[in-house]
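Visitor: Starting off with a structure, shown below.
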Amino acid sequence: MRIDRDEVRRIAELARLEIADDDAAAVAGQLSGVLDFVATLQQLDLDGCEPSTFAPADAPPREDVPGVRGLDPFAATAAAPESDEGYFVVPPVVENVNP
């Protein structure tokens, strides 16, 4: 799928990103490359393949979701610079957005 400069500008506006006009053509090429790669992945025959798991096999089961292995929220946020009740605290990203 080809992305052109106008599409890059539209996506940048929706994402509230600043992309210089000089860079729009390069970004269009990079985005087109990503979409082409994803299209290639769609052609793979994955019948019979087991899905991957990302939690270690010896991870204890989560208490909030029975049968699912993983870290509890407090363990996951233990090394975070700032956390609150098991959630990561991050600065606001978008303010005063008018849809």
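Visitor: Identify all residues within region 1-51 that are over 17 Å from the mean Cα position of the chain (by Cα) and of a type in the set (Gly, Ala, Ser); write none if there are none.
Guide: 20, 24, 25, 26, 28, 29, 32, 33, 39, 48
Visitor: Considering only region 42-81, how many residues are in a loop (DSSP other than H, G, I, E, B), modelled with pLDDT of 80 or more and surrounded by 10 or more Cβ atoms within 10 Å (Cβ to Cβ)?
Guide: Of the residues in region 42-81, 3 are in a loop (DSSP other than H, G, I, E, B), modelled with pLDDT of 80 or more and surrounded by 10 or more Cβ atoms within 10 Å (Cβ to Cβ).
Visitor: Do the conditions hold for residue 36, that is, is it at negative phi, assigned to a loop (DSSP other than H, G, I, E, B) and acidic (Asp, Glu)?
Guide: no
Visitor: Could you please find all residues in region 17-33 being loosely packed, with under 10 Cβ neighbours inside 10 Å and not in a loop (DSSP other than H, G, I, E, B)?
Guide: 21, 22, listed by residue number.
The values are calculated or read from the model by the stated rules, or taken from the named source; none is laboratory data. Owing to the predicted nature of the structure, the values given are computational and were not obtained by experimental measurement. Because the Cβ atoms are built from the backbone with ideal geometry, glycine has one as well, and the counts that use them run over all protein chains shown.
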